[in-house]
Amino acid sequence: MKLYYELSSKYQLNDNEKAISYAEQLLGLAIKKKDTTNIIYGKAMIAYSYYNLGALDKALKIYLEAHEIALTSKDPKLIDYIITHLAITYDEMRNYSKALEYYQYNIQYAEENNLPEDKMIGMLNIADMYIRMEEYDSAEYYAMKAIEFDKLSNDYLKSIAYINYGVALERNNNFDKALIYLLRGLEIQYSSDPDFAAISEAYQTISNIYVKKKQFNNALQFADSSVYNAKKSESNYYLRKGYELRSIIHKSLENNAKAYDDLKNFIDTNNKIYSEETTEKFLELQELYEAKQREAEINLLKQQSELSKESITQKNIIILGSLIILILLALFLVVYISRNRFKQKALTLLNSQNKEIEERNFQLSEMTEELKSQKEEIESHRDQLSEAFSILEKRNKDVTDSINYAQKIQNSLLPDLATIKKSLPESFIFYQARDIVSGDFYWFHQKKINGNEIKFIASIDCTGHGVPGAFMSMIADALLSQIIIELDYNQPSEILKEMDRRLRIMLKQDDSYSNDGMEIGLCRIDDRKLIFGGAGHRLIYFKNDEIHAIRDNRHSIGENFIEHQKMRFEDHYIEIDSPLTVYLFSDGIQDQFGGSNDKKYGVKRLKNYITSIHKEPLKNQEKYIKDIVINWKGNKEQVDDMLLIGFRLT
């Protein structure tokens, strides 16, 4: 049984007919030995080969039978194995709701039974399904989650994870990153027993990248490799896609004859799948008939056994025996005639298949020399891929190093926290970038006006996050320093007005459409009052245990939907005649998804939480904010940069 299992597994990658043959021998021995585990594996392997050949109805029927038996075994690994393949089959049949149900069941079952590889497979399959559904963000999310398990998985699963992630990235037009992961997956495939279907998909995806870049000659090389490997895998699904892709490329290169040939091959592959499905349904009916026939024979033997136990007369035995002989003869005649009919149909089908096999053998003999040359070309291509992978990996490292260096530059522009603490002893700043660099930042300055010490503190949220947001934050820092320090502007409303004017000039917003800008909340503080001006940011403060909220201009600095001349900013005065606890914040925390229902945290929930902690010492409040963000976010991705400033004035 072990030998048959290994042989069937090997042939599943390149010869499904042999794979079925060995799996059937495995199943026959397992039934004879009453070995439940191998009965399940035998059925599953037969179903998988039918799946590869495109006979999905047949595959689904056998998988469901295997699932019924697996549930009685109570073997978690075995049950999860069948659940996975049921989900894949429903997926291929485009019954996506049923497929997702089984995939989620698969992931939950794997998690409960500590099966990390199976959980990884479930996520990969969901990613693959979302690609076919053209929901590429979801596909990229699940593929990326699957890669988190790569250190716990074998090389084969790791390569499939990289290829799936590459496919999802390509669909989202993230080409450079997609190439890195596709090449990683191919490198692993070529260093072990290759899965030609997976290799075909990787080459198809790389070809698609070059098609989108309109580099059709490069695209054609990879499409050829995809078709070649699809043929080796006997995967009609990838072969059909390969022919279709190559036809499109030939048409773009104005090779109309070759485009026509590939289109014809695409249609022939579809027809072949249909023909195979029809054959499988015919064989299924024959199998059902023979099963019923065996059941009738067993029932007849039981009746004979029961009659033999009764005390009957010799005469009755003779009469009964004669009747049985007559019935058996009649049954034999019916079965003989019916079986001959089925044999005749099967013989006709077999003759047709033999002719097809002879034609295939003739074609294979003609292709031998071509395959030899293609093998040399593939090996050369593999070396080129390895070199390209090294270049892309170095480029990725260079970009990451550059962004890390940019983070150092950005951090050097932020005000010194010790200086802020010295000027505002009761204060804290919660600051958490989504990526390495941030579009959110805080700004602080203190100076004297007519002998009086005044302080400026601001929270700024620039358009975008990551590198684009970081560039905008540097512009904002330069504008604030220029307007407040060099030009000596002191009123928040005037500072915001001047920032809006200068930013529009810097970004040439009057000449072309651009909605790049920033939201800002700016406070000026002296001994007796706080003056607040806002552009898209709100200020919350507590005085005498009452909460107050101020939101001035709802438009951001540099917003293209409104002209500069129509921008209006206002100074809001708050007397410091009793203790004030003040909060400035960007929209990062309130927009974060999480919680049990995967919803946004929301500004209302944030205000309620700040209200519950506003009396606490400010140094404790920073920890509370950090904890609530971590608990709410859970294992979800951070969606935006986060900034919250709190300080107390007495």
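Take every pair of alpha-carbon atoms less than 8 Å apart whose residues are at least six positions apart; their mean separation over the length of the stretch 72-168 yields a relative contact order of 22 percent. Cross-link pairs exceeding 25 Å between alpha carbons, from the set 408/604; 231/258; 151/599; 408/615; 422/615; 10/58: 408/604; 151/599; 408/615. Projecting the Cα atoms of 22, 108, 52 onto the charge dipole of the stretch 1-141 (Cβ charges, centred on the Cα centre) puts 22 farthest toward the positive pole.
Could you tell me which of rounded, prolate or oblate describes the stretch 542-650, using a ≥ b ≥ c as the square roots of the eigenvalues of the alpha-carbon gyration tensor, with rounded for a/c under 1.5 and, failing that, prolate when a/b is larger than b/c and oblate otherwise? Before the final figure, lay out the partial values.
Working: a/c = 2.48, a/b = 1.11, b/c = 2.23.
Oblate shape, in that a/c is at least 1.5 and b/c is the bigger or equal ratio.
Per-residue packing, averaged as other Cβ atoms within 10 Å, sorts the ranges 22-33, 82-93 into the order 82-93, 22-33, beginning with the highest.
For the stretch 576-650 versus the stretch 523-542, the spacing of their alpha-carbon centroids is 18 Å. By the gyration tensor of its Cα atoms, with a ≥ b ≥ c the square roots of the eigenvalues, what is the shape of the stretch 159-236: rounded for a/c under 1.5, prolate for a/b over b/c, or oblate? Oblate shape, in that a/c is at least 1.5 and b/c is the bigger or equal ratio.
By per-residue mean of other Cβ atoms within 10 Å, what is the highest-first order of 62-70, 112-120, 586-594?
Numbers: 62-70: 19.3, 112-120: 16.8, 586-594: 21.2.
In decreasing order of mean packing, 62-70, 112-120, 586-594 become 586-594, 62-70, 112-120.
Each Lys or Arg adds one and each Asp or Glu takes one away; over the other residues whose Cβ falls under 9 Å from the Cβ of residue 90, this sums to -1.
Which whole-number percentage describes the relative contact order of the stretch 126-242, with Cα contacts under 8 Å and a sequence gap of 6 or more? Display every interim value, and only then the final one.
Numbers: 155 pairs, mean separation 21.6, N = 117.
Answer for the stretch 126-242 is 18 percent.
What is the stretch 473-620 by shape, rounded, prolate or oblate, if you read a ≥ b ≥ c off the alpha carbon gyration tensor as root eigenvalues and call it rounded for a/c under 1.5, prolate for a/b larger than b/c, and oblate otherwise? Here the stretch 473-620 falls in the oblate category.
The lysines within cross-link reach of residue 177, meaning a Cα-to-Cα straight distance under 19 Å and a gap of 8 or more places when in the same chain, are 145, 158, 212, 213, 214, 394, 397.
Judged by the mean number of other Cβ atoms found within 10 Å, the most tightly packed of the peptides 489-502, 614-627 leads the ranking 489-502, 614-627.
The numbers here are math on the coordinates, done by the rules we state, and not lab data. None of these values were measured; they are calculated from a predicted model. Note that we place each Cβ from the backbone using ideal geometry, even for glycine, and neighbour counts take in every protein chain shown.
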